[in-house]
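Asks: Can you keep this structure in mind? I'll have questions shortly.
The values are calculated or read from the model by the stated rules, or taken from the named source; none is laboratory data. Owing to the predicted nature of the structure, the values given are computational and were not obtained by experimental measurement. So basically every Cβ, Gly included, is an ideal-geometry build from the backbone, and we count neighbours across all protein chains shown. Protein only, heavy atoms only, side chains kept; ligands, DNA and RNA dropped before computing areas. Shrake-Rupley method; radii C 1.70, N 1.55, O 1.52, S 1.80 Å.
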Amino acid sequence: YILSLVLVVVLALSLQGADRYNSFLFGVDYYPEQWPESYWEQDARWMQECGAKAVRMAEFAWRLMEPKEGSYDFSLFDRAIAVLARHGIKTILGTPTAAPPKWLTNKYPESLLVYPDGRPANDQSRRHYCYNSPVYRRLSKQIVSAMVEHFKDNPNVVGWQIDNEFNCHASECYSASCRTAFRAWLKAKYVDIDALNRRWGNEFWSQWYDSWQQVDLPFPSPAPHNPALVLEYKRFISDSVISYQKDQIDIIRKLRPRDFITHNHFFKNINYYEFAKDLDIFAYDNYPSFWDVPQYGVGAQLTLARNFNGRMMVMEQQAGAGGQTYLLRAPRPGEMSLWAFQAIAHGADGMIHFRWRTARRGAEEYWFGILEQDNVPRARFQEFKQEGADINRIGPEILGSRLVSDIAAIKDYDAEWVFDHQYFTNEVSIGAEFQNLFQAASELKYNIDFIGPQADFSRYKLIFGPHLILMDQQLAGKIKQFVEQGGTFVLSAHSAVKDRDNAFTDQVQPIMLADLFGVEREDFQCYPAPSRGKNALSFAGGAKVPVHVFAEALKLKGADAVARWDADFLKGVPGCAEKHVGKGKAVYYGSFFNLDAARYLTERHAAEAGCRPLLPGLPGQVEVTRRSKGNTHYYFILNHSPESVTVHPGEGFFDLLAGKPAAATLTLKPFGYQVLRK
Ligand code: GAL
């Protein structure tokens with residue numbers, strides 16, 4: 001009886017959480033404080049005409065809401081929220097802590113972020129604060145408490161964004177507060193300073209600490225720092241951000257338990273799989289002009305963002321050209337909405353565009369909104385309106401549907417941070433390897449997920465491990481179980497090299513996994529950039545895959561060699577090996593995943609592992625993803641090219657945008673999109 005009672009309570013609580021984000025929000029980022037109040041009514045009317053259901057506001061407006069320490073004034077936002085509400089538009093409030101007011105930084109200079117050279121950040125832009133400053137944390141909690149207290153009965157507020165883009169612009173701080181907090185963080189972890197000394201190997205270069213007071217942040221030094229220190233510093237930064245965010249979440253949850261809470265976008269030095277556990281939904285800020293080929297570059301980013309906690313929306317969707325001191329290209333006609341639909345295709349359950357109207361003054365006067373500075377509705381406005389109609393037609397139905405993927409790649413933040421420091425050559429980029437894996441899956445028309453090491457592997461058929469440099473028993477055990485139960489696991493070079501202390505061990509590499517993969521790493525070469533052309537793996541059957549940075553020589557211990565090196569002292573030596581284990585297959589690939597390798601390995605293993613393409617016969621510039629809810633599937637078909645294209649999805653689909661059965665053959669306009677249900 002007690003057990004079932006507990007289960008009911010747990011179920012009720014989890015449902016409450018799942019329900020907080022419960023409608024598909026389409027809208028814009030709106031800054032009423034930057035415009036005459038006489039504009040607001042027309043703004044709201046036009047937004048409504050375009051189908052907007054929500055705006056985000058206030059995320060940089062601390063000075064307005066707290067003009068003097070401890071005195072608050074939310075009246076401007078009360079009025080703006082009310083005007084929008086009369087037009088059926090709800091508000092997502094941003095907590096304003098990304099932009100502290102001058103009274104704060106003047107009175108409490110210790111709250112400023114500090115650069116590695118010891119200079120405090122200048123306080124004339126944004127994100128210039130320190131997460132560990134006790135006074136900044138106190139004042140952040142105060143403004144958020146005052147805000148939540150003020151808006152607690154406002155029915156037109158539906159959600160909260162915490163701060164804005166943590167770690168954008170700067171992702172490290174060297175303040176006195178961070179130094180103190182770092183020591184305390186290490187002490188809590190290691191307890192005994194000598195335990196830390198031993199695990200970090202501090203006899204090296206006489207680095208043994210006699211006391212906690214001697215431990216310091218990795219300030220600039222003549223020679224590089226101990227990799228163990230650097231990795232711990234990054235983990236510490238990540239934990240600092242998570243705990244800073246948690247302060248604000250706790251305040252909101254207490255007074256507004258039904259509102260959803262989100263944070264927008266990802267940057268360096270935060271483990272987002274941990275970070276996003278505290279959020280109802282993770283928000284992606286989508287600026288495709290940062291990529292030469294957004295189809296794959298952005299697709300890979302969305303794949304990552306969607307998997308942090310399983311739910312994603314877009315909080316800032318690029319509307320026009322954009323820049324601050326630089327200027328990025330504008331989307332071509334139709335491309336803004338195609339990009340929005342790409343995000344939805346990858347799981348977004350909300351679409352908020354940046355920004356309603358382009359600013360006339362300030363650092364971002366070149367970030368173009370739906371309207372320009374002159375407030376004249378032009379082609380972007382019309383495109384936005386059409387997009388709104390399309391999204392509102394499909395939004396309620398697709399809300400909560402998820403991408404189900406057979407293929408995954410494991411993203412381990414520890415590994416990324418190790419490589420940020422020990423980068424080897426300027427060709428090494430884990431981010432680029434994830435993009436290659438995404439592109440390979442996308443070209444073959446498969447969904448793919450990027451998952452953390454803690455994720456449930458059993459949902460997948462094929463998993464890639466792109467240089468999982470640090471290994472532990474738990475992860476090794478999960479990989480083994482996955483393979484034994486029928487999965488194919490492809491591990492890249494320089495994986496399972498060190499332990500979680502970022503230290504080498506006395507084991508043969510790949511440590512903890514040599515048995516499973518049936519190989520031992522005998523030797524390796526690391527080719528300077530460009531590595532391409534310096535060696536290649538020749539597979540039986542004739543395929544040749546060019547080396548990427550690392551070429552490893554494998555000694556077979558139960559696996560079969562499936563490819564051998566072409567050149568150098570490694571000529572003829574096995575570089576890729578496969579071993580059948582239980583019902584599955586362990587594949588060791590002795591180089592990094594360039595696009596050639598990602599394509600070859602996906603093609604070689606996906607079909608064999610039982611993966612089925614979502615829709616066959618689509619050309620390269622046409623992307624397809626599938627979102628599912630139970631047995632209902634939604635196919636998103638996206639034409640990334642400026643030419644129209646004809647595709648043949650076949651019979652039996654329902655065209656969600658047109659609201660009628662789909663023809664077996666469809667023509668997509670330049671940058672056109674289709675959503676088909678089956
Ligand atoms: C985002 C940020 C916005 C705005 C936008 C355009 O990174 O959250 O506040 O700066 O980029 O630059």
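Asks: Counting only residues that are in a loop (DSSP other than H, G, I, E, B) and open to solvent by 10 Å² or more (accessible area, probe 1.4 Å), which one in the stretch 149-166 is nearest to the ligand (Cβ to nearest atom)?
Replies: Of everything passing the filter in the stretch 149-166, Glu165 is nearest to the ligand (Cβ to nearest atom).
Asks: Separate question: Residues to consider are Lys585, Lys579, Lys555; find the one that is open to solvent by 10 Å² or more (accessible area, probe 1.4 Å) and in contact with a Leu (Cβ under 9 Å, 6 or more places away or on another chain). If you could, list the steps in order and put the result at the bottom.
Replies: Details: Lys585 fails: in contact with a Leu (Cβ under 9 Å, 6 or more places away or on another chain); Lys555 fails: in contact with a Leu (Cβ under 9 Å, 6 or more places away or on another chain).
Result of the check over Lys585, Lys579, Lys555: Lys579.
Asks: A follow-up question, please. Look at the stretch 253-271 and say how many of its residues are within 16 Å of the ligand (Cβ to nearest atom) and either over 15 Å from the mean Cα position of the chain (by Cα) or open to solvent by less than 10 Å² (accessible area, probe 1.4 Å) (or both).
Replies: Adding up the residues that qualify gives 4.
Asks: Can you name the number of the only condition in (1) in contact with a helix residue (DSSP H, G or I) (Cβ under 9 Å, 6 or more places away or on another chain); (2) over 16 Å from Phe593 (Cα atoms) that Phe489 fails?
Replies: (2)
Asks: Are any residues in the stretch 103-125 open to solvent by 80 Å² or more (accessible area, probe 1.4 Å) and without any contact (Cβ under 8 Å) to a residue 40 or more places away in the chain, and if so, which ones?
Replies: Passing the criteria: Asn106, Lys107, Arg119, Asn122, Gln124.
Asks: Among the candidates Ala319, Ala359, single out the residue that is touching a His at 6+ places or on another chain (Cβ under 8 Å) and either modelled with pLDDT of 95 or more or surrounded by fewer than 19 Cβ atoms within 10 Å (Cβ to Cβ) (or both).
Replies: Answer to the selection: Ala319.
Asks: Would it be correct to say that Pro101 is within 16 Å of the ligand (Cβ to nearest atom) and not charged (D, E, K, R)?
Replies: It is false that Pro101 is within 16 Å of the ligand (Cβ to nearest atom) and not charged (D, E, K, R).
Asks: Which residues, counting only those in the stretch 280-316, are in contact with a Lys or Arg (Cβ under 6 Å, 6 or more places away or on another chain) and open to solvent by 10 Å² or more (accessible area, probe 1.4 Å)?
Replies: Correct list: Asp280, Ser289.
Asks: For Ile352, are the conditions met, namely being touching a residue at least 40 places away in the same chain (Cβ under 8 Å), within 15 Å of the ligand (Cβ to nearest atom), within 24 Å of Ala300 (Cβ to Cβ) and β-branched (Val, Ile, Thr)?
Replies: yes
Asks: The conditions are (1) open to solvent by less than 50 Å² (accessible area, probe 1.4 Å); (2) of a type in the set (Val, Ile, Thr); (3) in contact with a Leu (Cβ under 8 Å, 6 or more places away or on another chain), and Thr646 fails exactly one of them. Which is it?
Replies: Single failed check for Thr646: (1).
Asks: Provide a single number: the residues in the stretch 561-603 that are in contact (Cβ under 8 Å) with a residue 40 or more places away in the chain and more than 18 Å from Ala551 (Cβ to Cβ).
Replies: 10
Asks: Which count do you get for residues in the stretch 44-63 that are crowded, with 21+ Cβ neighbours inside 10 Å and within 16 Å of the ligand (Cβ to nearest atom)?
Replies: 7
Asks: Read through the list (1) outside any helix (DSSP H, G or I); (2) under 30 Å from Pro453 (Cα atoms); (3) out of contact with any helix residue (DSSP H, G or I) (no Cβ under 7 Å at 6 or more places or on another chain), then give the number of the only condition that Arg361 fails.
Replies: Here Arg361 clears every test but (2).
Asks: Quick one: which residue in His87, His128, His169 is surrounded by fewer than 18 Cβ atoms within 10 Å (Cβ to Cβ) and within 16 Å of the ligand (Cβ to nearest atom)?
Replies: None of the other options fit; the residue is His169.
Asks: From the list Asp250, Asp194, Asp216, which residue is away from the ligand (no atom under 16 Å from the Cβ), in a loop (DSSP other than H, G, I, E, B) and among the acidic types (Asp, Glu)?
Replies: Only one candidate passes the filter, namely Asp216.
Asks: Continuing with the same structure: If I ask for residues that are in a helix (DSSP H, G or I) and not hydrophobic (A, V, I, L, M, F, W, C), which ones from the stretch 474-493 would you list?
Replies: Gln474, Gly477, Lys478, Lys480, Gln481, Glu484
Asks: If you check Glu33, Glu41, which single one turns out to be part of a helix (DSSP H, G or I), open to solvent by 10 Å² or more (accessible area, probe 1.4 Å) and within 16 Å of the ligand (Cβ to nearest atom)?
Replies: The match here is Glu33.
Asks: What pairs can you find where one residue is in the stretch 318-329 and of a type in the set (D, E, K, R), the other is part of a loop (DSSP other than H, G, I, E, B) and more than 10 Å from the ligand (Cβ to nearest atom), and their Cβ atoms are less than 9 Å apart, with a gap of 6+ or different chains?
Replies: Arg329/Ala321
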